[in-house]
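The values are calculated or read from the model by the stated rules, or taken from the named source; none is laboratory data. Please read all numbers here as calculations on a predicted model, not as lab measurements. Cβ placement follows ideal geometry from the backbone for every residue including glycine, while neighbour counts extend to all protein chains displayed.
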Amino acid sequence: MLSNACKYAIRSILYLAIHSDETHKIGVKKVAEEIETPQPFLAKLLQQLVTNKLVSSSKGPKGGFFLDKKNKEKSVWDIIKTIDGTDKFDQCFLGLSSCDDENPCPAHRFVSPFKKLILNDFRDKTIASLVEEIKENGTVISLKGFNN
């Protein structure tokens, strides 16, 4: 459902939310290594996220990327809108050009409630709340260090 770019963006923001702040900034190389994403691609994504005020950055010898309090108040939906746009959530599951509650496709009845639930979760979940869930539940944003 989400593009690789969007998945990388979400994972990088979560990594920064856990490991950075205004006094501890992280370079793109470290983020890319830790979340196992291609560095050049991630660098472009992070710049896009900075431009859209989802990530903060500073230049210089002690520079890098970080999340401030305002960044952490953003939602997962804000990231998705910035990277992928919202079209995927409006599209028919079966690919029909017109599908809604009034003109449903055969799958609409059972897919629509799940799409709405996911959309609401993406809109309601802030980065800060997701970080708390990660810490409480021990979920992962990278498989680095796990034995396969």
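Among the conditions (1) assigned to a helix (DSSP H, G or I); (2) touching a residue at least 40 places away in the same chain (Cβ under 8 Å); (3) closer than 23 Å to Asn4 by Cβ, the only one that Asp78 does not satisfy is (2).
One residue stands out among those in segment 1-26 that are modelled with pLDDT of 95 or more and either among the polar types (S, T, N, Q) or more than 13 Å from the chain's Cα centre (by Cα) (or both): the one that is nearest to Phe122 (Cα to Cα), which is Ser12.
Looking at Lys53, is it of a type in the set (D, E, K, R) and either surrounded by fewer than 17 Cβ atoms within 10 Å (Cβ to Cβ) or touching a helix residue (DSSP H, G or I) at 6+ places or on another chain (Cβ under 7 Å) (or both)? Against the criterion (of a type in the set (D, E, K, R) and either surrounded by fewer than 17 Cβ atoms within 10 Å (Cβ to Cβ) or touching a helix residue (DSSP H, G or I) at 6+ places or on another chain (Cβ under 7 Å) (or both)), Lys53 qualifies. Within segment 58-75, being free of Cβ contacts under 8 Å to residues at least 24 places away in the same chain and over 20 Å from Val31 (Cα atoms) holds for one residue alone: Lys70. The set of residues in segment 22-47 being outside any helix (DSSP H, G or I) and surrounded by fewer than 16 Cβ atoms within 10 Å (Cβ to Cβ) consists of Glu22, Thr23, His24, Gly27, Glu36, Pro38.
When you look at Lys88, is it surrounded by fewer than 20 Cβ atoms within 10 Å (Cβ to Cβ), basic (Lys, Arg) and without any contact (Cβ under 8 Å) to a residue 60 or more places away in the chain, yes or no?
Numbers: surrounded by fewer than 20 Cβ atoms within 10 Å (Cβ to Cβ): yes; basic (Lys, Arg): yes; without any contact (Cβ under 8 Å) to a residue 60 or more places away in the chain: no.
No; evaluated as a whole, the condition is false for this residue.
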